[in-house]
């Protein structure tokens, strides 16, 4: 039977370690939260592998398009260089926009939510930046002193903001794709009238 990974909800059960001493409860709870943070960090690190593979394949496909794109364009464009700029904008920008969805937006989310998350982000013990701690002992001490409700609340707000940023970028990419297909399809439709 496959091993079931604990979820973050498993760490908030009120029946966990009720009979232990208060310090031991705090230590156990902190250990569970650090384990959840470790699992989240591992998943995020692995997601960069997936993103790199997607972007790599997308780059190869886009490179093929770009290399053969010049052959499809007329030698003497009606508007000169402006024609090429418009065509490149219509064809290539949607590809770039979908790539932008993959780009992490956490820094932007943190800046936007700085005032709202100030109480929970002074100790970054969940989404950890190793440079902010003097050593391992400093990190563990801050984790033990952390108010985990505030820490997790701040992380939820930031992650939700990242989700919204990515959703907007994805929708923008879809709209750019629709416009691209309408323009290209319309141009081919108009050109079909001139074919004798």
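Where a number appears in this text, it was derived from the coordinates with a stated rule and is not lab data. Predicted model only: the values in this text are computed from it and were never measured. Backbone-built Cβ (ideal geometry, glycine too); neighbour counts: all protein chains shown.
A few remarks follow.
- Between residue 189 and residue 60, the FRET efficiency estimated from the beta carbon spacing at R0 = 22 angstrom works out to 0.10.
- Backbone N under 12 Å from the residue 26 label point (7 Å along Cα→Cβ), restricted to segment 132-172: 141-148
- Each label was represented as a point 7 Å from its Cα along the Cα-to-Cβ direction; for residue 35 and residue 108 these points are 3.6 nm apart.
- Linear extension gain, residue 156 paired with residue 44, 0.36 nm per residue minus alpha-carbon span: 38.8 nm
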